[in-house]
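To start, the structure itself, in structure tokens.
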Amino acid sequence: MGSKLIGYGSYLPERIVTNQDFEKIMDTTDEWIVQRTGMRERHFAADDETVVDMAVVASERALASAGLTIDDIDLIITATTSPELDFPSVAVQVAGKLGAQKNVPAFDVRGACTGYIYALHCARAFFTSGIHDRILIIGAEKMSRFIDMNDRSTAVLFGDGAGAMIFERSTSSYSGIIDTVVMADGREFEMLHGSTDHRIIMNGPETYKKAVTLMPEAANYIMQHAGITAENVDWIIPHQANLRIIQSGAQRLGFPLEKILVTVDKHANTSGASGVLALAYGMDNGFIKPGQLILYPAFGSGLTWGAALIRV
Ligand code: UT7
């Protein structure tokens, strides 16, 4: 028992904030940001634009691409770390805004930047157990809500956006969500966390060191588990936190850089939306083609990390 991808969609807010925009308001340079992170611009949601608003548009686009309505979906899972309301979940609000009539179950997962891998992990379990047939997975974040403009070491790193994917149960175990692995180590949570006054607190260099080892570890684990090697993978879409982390991971795994999909230059770090947005970007722009095998490693606050193997 497996699944297949039957629709996807994404949404990026209209407002683009460039490195030059940051140069005007803090002690930073385009050169530093590009050299240290690979980021050039990011999207920021409007003040009155919420995580739910962005998730709704991405979901509408995913439903349209699948030729479905929300009532054809039997589970909604949202990966988000930045919802405006503590409750109810973003997922249930999305169902409401999309006019769901059939009491579709909906919940959020909070795996920070690994959130979309946690969501895929849940979906895989529901498909293999035969509990759900059509699952809408959303990654949606308004990270700009947490940005402290007095902290240049984190302010330039994040962006907003939402992506959505729809998977349907199938008899093939070689399509859709083929495999997932998720891990967490709560002992390290102080390295990267949100503060009670809603700011991002990060020890950048320590987080960097963990990211460059744990993402490749998860990628290797899942390839071994699935009995495949780097040659079998068409694309690797790592969590988009820093171009240097992405390149170092590719090197450790022995993947040529041409196989790595990069969006960190355009989207910066969109946390739980990162991989979902990147997949949509890759498909929309013809890089990723139907039938290709994607390796999806991620890492984030928690610490959390993991990987998924997807055939689109
Ligand atoms: O998505 C979840 C996971 N997140 C990550 O994986 C992020 C991991 N960490 C990183 O990507 C990098 O550590 C950063 C991009 C955050 C920072 O890069 P770095 O090369 O590790 O820089 P650093 O923190 O060691 O700082 C080097 C210097 C410092 O100046 P001094 O002390 O050497 O004089 C910083 O104050 O760069 C300075 N700096 C900046 N300079 C200009 C820090 N931020 C900026 C800035 N503009 N925006």
In the structure displayed, which of Lys4/Lys289; Lys4/Lys210; Lys259/Lys289; Lys142/Lys266; Lys97/Lys142 lie more than 23 Å apart, Cα to Cα? Lys4/Lys210
With every protein chain kept in place and ligands, DNA and RNA left out, what is the accessible area per residue of the range 236-299? Probe 1.4 Å, answer in Å². 31
Interchain or sequence-distant (5+) residues whose placed amide H lies within less than 5 Å of the amide H of Val312 are Gly291, Gln292, Ile294
Of 108-116, 266-274, 26-34, 50-58, ordering from highest average Cβ density within 10 Å down gives 266-274, 108-116, 50-58, 26-34
Accessible area (Å², per residue) of the range 2-170, counting only protein heavy atoms and a probe of 1.4 Å: 42
Taking loop as defined by DSSP and a crowding limit of 11 other beta carbons within 10 Å, which GluC sites (Glu not before Pro) in the range 121-212 fit? none
Only helical DSSP H runs with n ≥ 4 go in: add -39500 (n - 2.57) per run for the chain, normalise by residue count and round the 222 nm mean residue ellipticity to 500 deg cm²/dmol. -10000 deg cm²/dmol
Tell me, what is the 1.4 Å probe accessible area of Ile200, in Å² to the nearest 10? 20
Assuming R0 = 25 Å, can you tell me the calculated FRET efficiency for the pair Arg36 and His193, based on Cβ-Cβ distance, to the nearest 0.05? 0.70
Cα gyration tensor category, rounded, prolate or oblate, for the range 234-310 with a/c compared to 1.5: rounded
What part of the accessible area of the range 228-302, given as a whole %, is carbon or sulfur when the probe is 1.4 angstrom? 52
With +1 on the Cβ of every Lys and Arg and -1 on the Cβ of every Asp and Glu, the dipole magnitude of the range 2-170 about its Cα centre, in debye rounded to the nearest 20, is 640
For Gly161, residues with placed amide H under 5 Å, excluding near neighbours: Glu141, Met143
Which residue, chosen from Leu12, Phe22, Asn103, occupies the Cα position most advanced towards the positive end of the dipole of the range 2-170, where the dipole is computed from +1 (Lys, Arg) and -1 (Asp, Glu) charges on Cβ about the Cα centre? Asn103
Pop out the carbon and sulfur fraction of the accessible area of the range 144-193 as a percent, whole number, probe 1.4 Å. 48
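The values are calculated or read from the model by the stated rules, or taken from the named source; none is laboratory data. This structure is a prediction, so every number in the text was calculated from the model and none was measured. Cβ coordinates were reconstructed from backbone atoms using ideal geometry, including for glycine residues, and neighbour counts include every protein chain displayed. All accessible areas refer to the heavy atoms of the entire protein, side chains included, with ligands and DNA or RNA removed. Shrake-Rupley method; radii C 1.70, N 1.55, O 1.52, S 1.80 Å.
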